[in-house]
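The values are calculated or read from the model by the stated rules, or taken from the named source; none is laboratory data. Bear in mind the structure is a predicted one, so any value in this text is a computation, not a measurement. In this analysis, Cβ positions are derived from the backbone assuming ideal geometry, glycine residues included, and neighbour counts consider all displayed protein chains.
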Amino acid sequence: MNGYIRKLRTFPFVSAMLVAVNVVIYLLCQLPGNTLYERGCLSAFEIIAWGEYGRIFWSMFLHADSSHLFSNMIILLFMGAMIEKEIGHVPFAGIYLASGVGGNLLSLAGKIVSDDWAVSLGASGAIFGLDGLLLALVLLSRKKMENVTPLRVMLMICMSLYSGFTGGNVDNMAHIGGLLVGFVLGVFLSIYIRISKQ
């Protein structure tokens, strides 16, 4: 019985649930009409003019096409599962969602400052939050994760950022915002982990 409970505690069901939710929402977006896109994309105009603040949250569950969805979900499934096993379900879910919101807030601020009225969408801000969280964990928490080193994580982050800045139609501000939020929350979590072990 104890073994079953231990397996249940370490099974990454939050990561799996987030992937499932994103896939279901994407499939719903393929139905006739663009209602979910029209009401959920991160749009500075609708947020400022109409106070549609929910877009800051909902846009992280929308994806432009199947390749956009796949690239984000494959990272969430594998890296998310690894991190969730290490820190637990609730902290993982909280940091993932907070990173997505934080990334969208920085993106929104950038749009307003640069007078950019283009819409954006996607889970990549939250995904970059997981990168930042992982970096904080390997630097500060003293957790041992197989084949995960600070250098490898930093190289992964640099390559991801480089890909974004050299690619087209990418919301790099959301990536940076998510990365920063994930790292900062990861620092606090790492401090808590180290204190709790004393």
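Screening the candidates PHE165, PHE128 for the property of being buried (at least 23 other Cβ atoms within 10 Å of the Cβ), among the aromatic types (Phe, Trp, Tyr), out of contact with any strand residue (DSSP E or B) (no Cβ under 6 Å at 6 or more places or on another chain) and in a helix (DSSP H, G or I) yields one hit, PHE128. Against the list (1) modelled with pLDDT under 95; (2) buried (at least 18 other Cβ atoms within 10 Å of the Cβ), the condition LEU179 fails is (1).
Of the residues VAL19, VAL23, VAL14, the single one that is touching a residue at least 24 places away in the same chain (Cβ under 8 Å) and either over 15 Å from ILE127 (Cα atoms) or not aliphatic (A, V, I, L, M) (or both) is VAL23.
Looking for something loosely packed, with under 11 Cβ neighbours inside 10 Å and at pLDDT below 95 - is there at least one such residue anywhere in region 73-89? Scanning region 73-89, I find no residue that is loosely packed, with under 11 Cβ neighbours inside 10 Å and at pLDDT below 95, so the answer is no. List the helices (runs of 4 or more DSSP H) inside region 15-58, counting only whole elements, that have at least 1 residues being at pLDDT 95 or above, surrounded by fewer than 16 Cβ atoms within 10 Å (Cβ to Cβ) and within 20 Å of the chain's Cα centre (by Cα). In region 15-58, 35-40, 55-58 are the helices (runs of 4 or more DSSP H) which contain 1 or more residues that are at pLDDT 95 or above, surrounded by fewer than 16 Cβ atoms within 10 Å (Cβ to Cβ) and within 20 Å of the chain's Cα centre (by Cα).
Is it the case that ILE74 is touching a residue at least 12 places away in the same chain (Cβ under 8 Å), assigned to a helix (DSSP H, G or I) and either of a type in the set (Val, Ile, Thr) or under 25 Å from THR35 (Cα atoms) (or both)? Answer is no for this residue. Please go through region 80-91 and pick out each residue that is over 19 Å from ALA174 (Cα atoms), in a helix (DSSP H, G or I) and of a type outside the set (Lys, Arg). Passing the criteria: ALA81, MET82, ILE83, GLU84, GLU86, ILE87, HIS89, VAL90, PRO91. Here GLY103 passes the criteria (1) touching a Lys or Arg at 6+ places or on another chain (Cβ under 6 Å); (2) in contact (Cβ under 8 Å) with a residue 60 or more places away in the chain except the one numbered (1).
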